Amino acid sequence: ELIGPAREMRAGGVAQLFLASPATTQTVVEAKDDHRPRRSIVDQFPHLAKGGWVDTRVAGAAILIRDHAVESDYMTIYDLDDGLLRFQFEVYDNLQINLQGPNFCSFEIDECVAGLNFSDLECAARCHAAVQG
């Protein structure tokens, strides 16, 4: 119900989102649905410029979703309290996802590297396996 009717969950678990190593450019991206400029990830988390992993304070249900309507996969995080979507990234073909620890997966996104710190070892392993597919 949370992810929608034409979607299925491929893997998931409870996780925190960390970001690191921003790109040198800070571009503003146009939102697809309302054409208002939105802030880049680097603008939203200015501490990224200092290097290392930054806790974004985004945590919740991390779900790898297959959207059959558009034939794409998305890594998402939904807030456990209000059910709102807090993070979404389209998983492109041949995305490299790395297990950097027993519970920690990382992958490159548009402007930096994202890391998911799962609360459970098995969830991290299933997510890694599903993306590597």
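The values are calculated or read from the model by the stated rules, or taken from the named source; none is laboratory data. Worth saying up front: this structure is predicted, and the values here are computed from it rather than measured. Backbone-built Cβ (ideal geometry, glycine too); neighbour counts: all protein chains shown. Please note that ligands, DNA and RNA were not included when accessible areas were found on the heavy atoms of the full protein model with its side chains. Shrake-Rupley method; radii C 1.70, N 1.55, O 1.52, S 1.80 Å.
Some values worked out for this structure:
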item: Residue count, the range 80-116 (criterion: open to solvent by less than 50 Å² (accessible area, probe 1.4 Å) and either farther than 14 Å from residue 15 by Cβ or within 13 Å of the chain's Cα centre (by Cα) (or both)); result: 17
item: When residues of the range 68-111 are limited to those that are in a loop (DSSP other than H, G, I, E, B) and of a type in the set (Gly, Ala, Ser), the one nearest to residue 21 (Cα to Cα); result: 101
